[in-house]
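The values are calculated or read from the model by the stated rules, or taken from the named source; none is laboratory data. Only a predicted model underlies this, so the values are computations on that prediction, with no experimental measurement involved. All Cβ positions, even for glycine, are placed from backbone atoms using ideal geometry, and neighbour counts span all protein chains on display.
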Amino acid sequence: MAVSTTAGGAAAGEYVVGAEGMCPYRLVLEHVTSRWGVLVLIKLLDRPYRFNELRRAIGNVSEKMLSQTLQTLERDGVVHRDAKPVIPPRVDYSLTNLGREAAEQVRALALWTHQRMDEVQKARKEYDAAKGRLDEQN
């Protein structure tokens, strides 16, 4: 997709960079592949979660960061927030159909990463060794 930075004359298939300062595709991609976005989407594939339950399931995420991530994903239409009018308040988070589709793609990438980690580590060692030799020569 082409990105046009001019307000007028954008051709079909082009997107004008708006107030958010980024092509809409890239912005959504950033949201679903962010550090916490990936983990939220993968966890919500299993089942709906309450906020603190999701926070515990993910681990090491601050309340503020999880809240921001959920709001962003909700805005993008991938997470559904279901607030029940009971005391104490109960809020459940689940995936929308769009979110389920995105989460399955993200999970596939995460599984690929897990399956290929040995190869990645080998490549890193080879790179670092070669880089070290180059640095020693300079």
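Data overview
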| quantity | calculated |
| --- | --- |
| Selection status of Thr113, loosely packed, with under 15 Cβ neighbours inside 10 Å and part of a helix (DSSP H, G or I) | yes |
| Asp92 modelled with pLDDT under 95 and of a type in the set (D, E, K, R) | no |
| Selection count where residues are within 10 Å of Trp36 (Cβ to Cβ) and either aromatic (Phe, Trp, Tyr) or surrounded by 15 or more Cβ atoms within 10 Å (Cβ to Cβ) (or both), scope segment 66-85 | 5 |
| All helices (runs of 4 or more DSSP H) inside segment 1-75 with 3 or more residues being touching a strand residue (DSSP E or B) at 6+ places or on another chain (Cβ under 9 Å) and modelled with pLDDT of 95 or more | 35-46, 51-58, 63-75 |
| Matching residues, segment 70-104, being of a type outside the set (D, E, K, R) and free of Cβ contacts under 8 Å to residues at least 12 places away in the same chain | Gln71, Ala83, Pro85, Val86, Ile87, Pro88, Pro89, Asn97 |
| Single condition Glu126 does not satisfy, out of (1) in contact with a Lys or Arg (Cβ under 7 Å, 6 or more places away or on another chain); (2) part of a helix (DSSP H, G or I) | (1) |
| Condition met for Asn97 (out of contact with any strand residue (DSSP E or B) (no Cβ under 7 Å at 6 or more places or on another chain) and either surrounded by 13 or more Cβ atoms within 10 Å (Cβ to Cβ) or under 21 Å from Glu30 (Cβ atoms) (or both)) | no |
| Matching entry among Val86, Val106 (being hydrophobic (A, V, I, L, M, F, W, C) and part of a loop (DSSP other than H, G, I, E, B)) | Val86 |
